[in-house]
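The values are calculated or read from the model by the stated rules, or taken from the named source; none is laboratory data. Bear in mind that the values here come from a model prediction, so they are computed numbers and not experimental data. Cβ: placed from backbone, ideal geometry, glycine included. Neighbour counts: every protein chain shown. Protein only, heavy atoms only, side chains kept; ligands, DNA and RNA dropped before computing areas. Shrake-Rupley method; radii C 1.70, N 1.55, O 1.52, S 1.80 Å.
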Amino acid sequence: MISNKEVLKLSKLIKDDNFVDYKNSELKVGVDLGTANIVLVVVDEKNRVIAGAMKSAKVVRDGIVVDYIGAINIVKDLKRKLEDKLEKELIYASCAIPPGIDPRSTKAIANVVESCDFIVTNIVDEPTAAAETLKIKDGAIVDLGGGTTGISLLKNGEVIGTWDEPTGGHHMNLTIAGYYNIDLSKAEELKINSNNKDIFTIIKPVLEKMASIVKNYLDGKEVDAIYLVGGASNFDGIEDLFEKITGIKTFRSKEALLVTPLGIAKSCLGGKNGQ
Ligand SMILES: Nc1ncnc2c1ncn2[C@@H]1O[C@H](COP(=O)(O)OP(=O)(O)OP(=O)(O)O)[C@@H](O)[C@H]1O
Ligand SMILES: [Mg+2]
């Protein structure tokens with residue numbers, strides 16, 4: 001299990017509704033418009049974690065904005081909350097897209113962030129942002145989000161391939177809802193709050209599908225290790241399942257949901273470089 005200090009710090013700051021003194025440093029924001037969650041992370045110019053805020057939302061589906069106004073309202077609200085807490089206006093932001101989406105969808109994501117009075121200095125792809133947080137130079141980052149399985153393959157610090165397929169936590173909820181004959185929100189609640197072991201058996205086919213997606217893309221390539229991030233990787237035993245199917249050593253990260261959002265903030269270029 002990977003315990004990244006900055007990610008753990010960010011998680012605690014969000015839970016405690018707290019922030020770190022930024023001593024007049026320029027601040028940079030990462031905006032992650034996910035299928036399940038919208039997350040804003042603030043770092044200083046040395047990429048130290050300062051604060052974060054998040055809200056569950058259904059305004060983006062697999063990198064496509066399906067509720068433009070809703071997305072803007074949530075990002076504006078989270079931005080205002082952070083600005084009030086930090087007593088500072090937040091200006092520069094970076095946002096992210098799942099790999100391989102249509103350029104028009106990329107524009108829609110940047111438009112949402114710009115409509116919230118941010119200057120967008122960078123747009124990165126999600127698994128590459130996660131690699132930035134974990135400082136991984138070789139291997140495959142696999143982002144298991146609410147809607148998709150995103151893969152980014154790195155060699156000597158360079159991204160040599162990125163892929164994205166629609167299988168995520170939402171698909172686990174469909175399986176749980178079908179099994180217990182309950183609605184999707186109940187299934188989500190059960191998945192997150194109940195004993196992982198009971199749920200694991202029910203969602204195992206979804207995890208196997210995710211691992212097969214990863215195997216297909218990585219087949220024939222030299223891959224040192226797989227690093228799982230994203231909210232839907234929060235299952236004990238997921239590493240073994242991925243290892244069995246892909247034949248590649250697999251690790252997962254603590255507070256996996258925050259790894260990509262922190263990387264997005266770190267990739268923001270800020271005012272000095274971004275303009
Ligand atoms: N403790 C947990 N156990 C199992 N699943 C979890 C847990 N916490 C969050 N999830 C799941 O993780 C998913 C959200 O993860 P994340 O925030 O990384 O996705 P996203 O970025 O919104 O989606 P995407 O990247 O696909 O657009 C949801 O499906 C949620 O149910
Ligand atoms: Mg995501």
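Report, by residue number, each residue of region 138-163 that is within 12 Å of ligand 2 (Cβ to nearest atom) and either out of contact with any Ser or Thr (no Cβ under 8 Å at 6 or more places or on another chain) or of a type in the set (Ser, Thr, Tyr) (or both). If the condition is that a residue be within 12 Å of ligand 2 (Cβ to nearest atom) and either out of contact with any Ser or Thr (no Cβ under 8 Å at 6 or more places or on another chain) or of a type in the set (Ser, Thr, Tyr) (or both), then THR148, THR149 are the ones that fit.
I'm trying to understand the selection: among the residues of region 147-193, which are within 18 Å of LEU257 (Cβ to Cβ) and in a loop (DSSP other than H, G, I, E, B)? GLY147, THR148, THR167, GLY168 - these are the residues of region 147-193 that are within 18 Å of LEU257 (Cβ to Cβ) and in a loop (DSSP other than H, G, I, E, B).
For GLY237, indicate whether it is small (Gly, Ala, Ser), farther than 23 Å from GLY34 by Cβ and either crowded, with 20+ Cβ neighbours inside 10 Å or in contact (Cβ under 8 Å) with a residue 24 or more places away in the chain (or both).
Against the criterion (small (Gly, Ala, Ser), farther than 23 Å from GLY34 by Cβ and either crowded, with 20+ Cβ neighbours inside 10 Å or in contact (Cβ under 8 Å) with a residue 24 or more places away in the chain (or both)), GLY237 qualifies.
Of the helices (runs of 4 or more DSSP H) entirely within region 33-146, those holding at least 1 residues that are surrounded by fewer than 15 Cβ atoms within 10 Å (Cβ to Cβ) occupy 68-86, 103-114. Restricting attention to region 33-58 and to residues that are out of contact with any Asp or Glu (no Cβ under 8 Å at 6 or more places or on another chain) and more than 14 Å from ligand 2 (Cβ to nearest atom), the residue that is farthest from PHE19 (Cα to Cα) turns out to be LYS46. Could you tell me whether region 178-186 includes any residue that is surrounded by 21 or more Cβ atoms within 10 Å (Cβ to Cβ) and either farther than 13 Å from VAL206 by Cα or in contact with a helix residue (DSSP H, G or I) (Cβ under 8 Å, 6 or more places away or on another chain) (or both)? No, the conditions are met nowhere in region 178-186.
Checking LYS28, LYS23 one by one, the residue that is over 15 Å from the mean Cα position of the chain (by Cα), away from ligand 1 (no atom under 16 Å from the Cβ) and buried (at least 20 other Cβ atoms within 10 Å of the Cβ) is LYS28 and no other.
Could you say whether any residue in region 89-102 is at positive phi and free of Cβ contacts under 8 Å to residues at least 24 places away in the same chain? Give the derivation first.
In the first step, residues of region 89-102 are kept if they are at positive phi; the result is 100.
From what is left, the residues that are free of Cβ contacts under 8 Å to residues at least 24 places away in the same chain are none.
No, every residue in region 89-102 fails to be at positive phi and free of Cβ contacts under 8 Å to residues at least 24 places away in the same chain.
If the condition is being among the charged types (D, E, K, R) and within 13 Å of ligand 2 (Cβ to nearest atom), then region 121-137 contributes ASP125, GLU126.
Exactly one residue among GLY270, GLY230 is open to solvent by less than 10 Å² (accessible area, probe 1.4 Å), in the same structural domain as GLY146 (by TED's automatic domain parsing) and either within 30 Å of ASN122 (Cα to Cα) or among the polar types (S, T, N, Q) (or both), and that residue is GLY230. Contact map, region 177-195: first residue among the β-branched types (Val, Ile, Thr), second residue open to solvent by 100 Å² or more (accessible area, probe 1.4 Å) and away from ligand 1 (no atom under 12 Å from the Cβ), Cβ cut-off under 9 Å, separation 6 or more or different chains; the map is empty. Count, please, the residues in region 59-81 that happen to be at pLDDT 95 or above, of a type in the set (D, E, K, R) and within 15 Å of ligand 2 (Cβ to nearest atom). Qualifying residue count, region 59-81: 0. When GLU239 is tested against (1) under 19 Å from the mean Cα position of the chain (by Cα); (2) more than 12 Å from VAL142 (Cα to Cα), only condition (2) is not met. Between GLY150, GLY168, the distinction of being small (Gly, Ala, Ser), at pLDDT 95 or above and surrounded by 15 or more Cβ atoms within 10 Å (Cβ to Cβ) belongs to GLY168 only.
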